[in-house]
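Remarks on the structure that follows.
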Amino acid sequence: MRLLLIFLLLGFITGWAAAQPVGGPATVQPTAFNVEAATQAYLDTLTPAQKAKSDAYFEGGYWLQLWGVLYAIGVAAVFLTLGLSRRLKVLVARLRWPALRTLVYAALYLLLAWVLSFPLSVYEGYFREHQYGLSNQSFGEWLGEGLKSLALSVVFGSLVILALYAAVRRAGRSWWVWGTSIVMFFLVLSVFAGPVFISPLFNKYVPLPASPVREAILSMARANGVPASNVYLVDASKQSKRISANVSGLGSTIRISLNDNLLHRCTPQEVQAVMGHELGHYVLNHIPKMLVFFLLLIGLGFWLVDWAFRRLVAHFGPRWDVADLADVGGLPLAVALFAVFSFLATPVFNTIIRTNEQEADVFGLNAAREPDAFAAVAMKLSEYRKINPAPLEEILFFDHPSGHTRVYNAMRWKAEHLHEK
Ligand SMILES: [Zn+2]
């Protein structure tokens, strides 16, 4: 499921997601400028209650990652040890062509795995978001979008699975090399088509409406070689209260999308600071670079799945009615093994993304030249991202720099530019 999630979400992975604005001064100007003191002054704008809530939300996310992988193993157990997979195989055995059997099994598997995972998804995606005041959706709206994602996942996911099984059956032990190439093809295609065909299914994207903010944004975009026609406004308030912006697409479909929460809840300087960051992703080609890193990791993941699958099936294959990797009845096991790999590789995924985010932050500070606005937005993220984690905690769990790191970087930049404007 993680792989499918990566497919659907990669377009948004460079997003600058944030929470509802919290109280605090728009700027903090100590008289004798000291980077540490200026950073601390920003951090102190958060009340103990706000900090406790934000820490609880974010740290709860660490546990959700663990429950997520355990739940995925549980789902695989329902398919394999309770005989659901066996029944599906009997059902599809009536179909005439082997490829059609694989395709239908995969589609039914994706559908049933979604149903089995629903209790965790509804808690994580709906109830928990409301509990922390981050969602703007009714249950019906949330479910409607979930069903749309499910339809996309069943249609495209089963095609990817069909192609992967073709590789397993034709290439034998070296399937994972072919499998990685197949994933590369679908991944590039989905990132390319995402902004044009997938995102508009969920939100409306329009050119930025005329305003002084728009002029300032487009001027900075032009100065950095980004065409104005590639900057959009998205109605993200439909789903969430979070401030966000992201870069999505590839080649001719690449674009920057600022969300309406950002425009409505931030000062023009803050919008400019976020836009500088997004321009960084665009200009530094972060999407193609991340694709390369992700493919290397997926290749490693497939190789490890192959290794573990063979060992497990040698012992439990007869009990689970799974003959070998080419047997589609082993799909729930392969998916669970990939989920375990993704879980263990999370710090690596996070570090790849966080490194890009850090680069975009530095680019944004230089492009927008608004260190205080940048720090103010970093503070606004705190409602959903722990503001001041331990260094190791940031490396393991953070896919963006922490608020503390961001404010510190902004104040460091400011200290070196005090006599300019
Ligand atoms: Zn970013």
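The values are calculated or read from the model by the stated rules, or taken from the named source; none is laboratory data. Everything quoted here is computed from the prediction, not taken from an experiment. Positions of Cβ are generated from backbone atoms using ideal geometry, with glycine treated the same way; all protein chains shown enter the neighbour counts.
When you go through V292, V271, V305 one by one, which is the residue that is out of contact with any helix residue (DSSP H, G or I) (no Cβ under 9 Å at 6 or more places or on another chain) and either in a helix (DSSP H, G or I) or more than 13 Å from the ligand (Cβ to nearest atom) (or both)?
Going through V292, V271, V305 in turn, the sole match is V292.
Identify, by number, the condition in (1) surrounded by fewer than 18 Cβ atoms within 10 Å (Cβ to Cβ); (2) under 24 Å from F294 (Cα atoms); (3) modelled with pLDDT of 55 or more that P48 doesn't meet.
(2)
Of all residues in the stretch 219-254, count the ones that are assigned to a helix (DSSP H, G or I), modelled with pLDDT under 90 and either in contact with a strand residue (DSSP E or B) (Cβ under 7 Å, 6 or more places away or on another chain) or within 16 Å of the ligand (Cβ to nearest atom) (or both).
Selection size over the stretch 219-254: 1.
Which residue pairs have Cβ atoms under 6 Å apart, sit 6 or more places apart or on different chains, and have a first residue in the stretch 148-169 that is without any contact (Cβ under 8 Å) to a residue 60 or more places away in the chain and outside any helix (DSSP H, G or I) and a second that is surrounded by fewer than 20 Cβ atoms within 10 Å (Cβ to Cβ) and not basic (K, R)?
Nothing qualifies.
Any residue in the stretch 119-128 that is polar (S, T, N, Q) and more than 30 Å from A236 (Cα to Cα)?
no
Report yes if some residue within the stretch 350-366 is away from the ligand (no atom under 16 Å from the Cβ) and surrounded by fewer than 21 Cβ atoms within 10 Å (Cβ to Cβ); otherwise report no.
No, the stretch 350-366 has no match at all.
State whether the residues of the stretch 317-325 include one that is surrounded by fewer than 20 Cβ atoms within 10 Å (Cβ to Cβ), within 16 Å of the ligand (Cβ to nearest atom) and either of a type in the set (S, T, Y) or not in a loop (DSSP other than H, G, I, E, B) (or both).
no
For the stretch 379-418, which positions are in contact with a Pro (Cβ under 8 Å, 6 or more places away or on another chain) and more than 16 Å from the ligand (Cβ to nearest atom)?
Hits for the stretch 379-418 are I395, L396, F397, H404, M411, W413, K414, H417.
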